[in-house]
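Worksheet for the structure shown next.
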Amino acid sequence: MKNQPVKGNTIPVQAKTPLSISIQLEKAGLRFKMETLEQIFPWNTPVTKLKKWLLDQSIQIRLIQQVSVELTTELFLLIPQEFDSPLYRLGFLEKALGESVLDGHEVHEQPADFAQANLVYLIPSVWKDFLALTFPTANIQYTHLLGNELAKTKAYIYPRIQLHMFEKSALAILIQQGKLHLANVFPYESPTELAFYLHSIREAYSLQWNTETFQIKGPERTNTKLIQGLIDLQIPLEPISQHA
């Protein structure tokens with residue numbers, strides 16, 4: 001008697017997926033940050049295209065439990081903890097960022113103990129709605145790049161500028177004498193504009209800077225044309241080729 005194949009229910013093999021993913025939100029779009037891969041999608045990207053790309057990485061959206069979202073935008077305010085109060089917070093935001101700045105945005109907060117302040121930042125409601133629709137079963141947690149970096153910052157004695165460069169915007173954090181002196185996002189269209197902002201910081205704080213002063217981060221840190229353009233404009237950075 002020949003062996004007959006065993007009949008039964010076939011269990012489909014599921015695509016492997018992490019239980020959590022990390023996304024940076026930029027003006028240019030959503031940047032997915034994997035262990036060995038980064039990919040940015042403009043805000044007008046169809047959800048179907050996002051899902052297909054994730055599936056190509058063996059990630060099924062319905063199995064994602066946690067989405068960690070990091071904002072990189074300029075709509076934030078550091079409020080000293082001794083003055084921060086829910087009663088006055090919205091007034092501080094409107095005075096610092098503009099009377100109509102809250103329209104179409106939601107307010108989030110994050111402690112910034114290094115600066116003895118609370119970081120209050122705004123997220124466009126349409127961004128939050130997009131993420132909620134894209135990841136309907138996931139717990140979505142929001143933070144801001146500035147708050148996350150301040151949580152890791154050491155009390156440098158000599159000037160240290162952390163420069164996080166994105167497409168057409170850069171977050172500069174200046175630490176000196178163990179204190180936070182500057183945290184701002186600068187828009188730029190060219191190396192000339194970004195160099196102008198950085199030289200303005202140098203002049204305002206009377207900095208004697210060198211290549212040790214700058215800590216370059218962000219997706220544009222490998223942009224050879226941008227880095228060389230800044231060097232040509234007397235920003236003391238090391239050419240990318242020296243890091244290869």
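Out of region 186-202, which residues are in contact (Cβ under 8 Å) with a residue 12 or more places away in the chain and open to solvent by 20 Å² or more (accessible area, probe 1.4 Å)? Scanning region 186-202 gives Phe186, Pro187, Glu189, Ser190, Pro191, Thr192, Tyr197, His199. Quick one: in region 187-226, which of the residues that are part of a helix (DSSP H, G or I) and small (Gly, Ala, Ser) is farthest from the chain's Cα centre (by Cα)? Applying the filter and picking the extreme gives Ala204.
What about Leu54, is it touching a helix residue (DSSP H, G or I) at 6+ places or on another chain (Cβ under 9 Å), in a helix (DSSP H, G or I) and of a type outside the set (Gly, Ala, Ser)? In short, yes.
Consider region 71-96 and keep the residues that are surrounded by 15 or more Cβ atoms within 10 Å (Cβ to Cβ) and assigned to a helix (DSSP H, G or I). The one that is modelled with the lowest pLDDT is Arg89. Scanning region 203-219 for residues that are among the small types (Gly, Ala, Ser) and open to solvent by less than 20 Å² (accessible area, probe 1.4 Å) gives a single hit, Gly218.
Please tell me if Asn44 is at pLDDT below 90, of a type outside the set (D, E, K, R) and out of contact with any strand residue (DSSP E or B) (no Cβ under 7 Å at 6 or more places or on another chain). Answer is no for this residue. Only one of (1) open to solvent by 20 Å² or more (accessible area, probe 1.4 Å); (2) modelled with pLDDT of 95 or more; (3) not in a helix (DSSP H, G or I) fails for Asn148. Which number is that? In the conditions (1) open to solvent by 20 Å² or more (accessible area, probe 1.4 Å); (2) modelled with pLDDT of 95 or more; (3) not in a helix (DSSP H, G or I), Asn148 misses (3) alone.
Scanning region 108-126 for residues that are assigned to a helix (DSSP H, G or I), at pLDDT below 95 and either touching an Asp or Glu at 6+ places or on another chain (Cβ under 9 Å) or surrounded by 17 or more Cβ atoms within 10 Å (Cβ to Cβ) (or both) turns up Phe114, Ala115. Residues in region 165-185 that are open to solvent by less than 40 Å² (accessible area, probe 1.4 Å) and out of contact with any strand residue (DSSP E or B) (no Cβ under 8 Å at 6 or more places or on another chain): Gly178 only.
In region 91-114, the residues that are within 22 Å of Leu182 (Cα to Cα) form no Cβ pair under 6 Å with any partner that is among the aliphatic types (A, V, I, L, M) and open to solvent by 80 Å² or more (accessible area, probe 1.4 Å), whether six or more places apart or across chains. Taking each residue of region 22-49 that is aromatic (Phe, Trp, Tyr) and looking for partners that are outside any strand (DSSP E or B) and open to solvent by less than 70 Å² (accessible area, probe 1.4 Å) with beta-carbon atoms closer than 7 Å, six or more apart or interchain, yields Phe41/Leu50.
The values are calculated or read from the model by the stated rules, or taken from the named source; none is laboratory data. Computed from a predicted structure; not experimentally measured. Note that we place each Cβ from the backbone using ideal geometry, even for glycine, and neighbour counts take in every protein chain shown. Heavy atoms of the whole protein, side chains included, go into the accessibility calculation; ligands, DNA and RNA do not. Shrake-Rupley method; radii C 1.70, N 1.55, O 1.52, S 1.80 Å.
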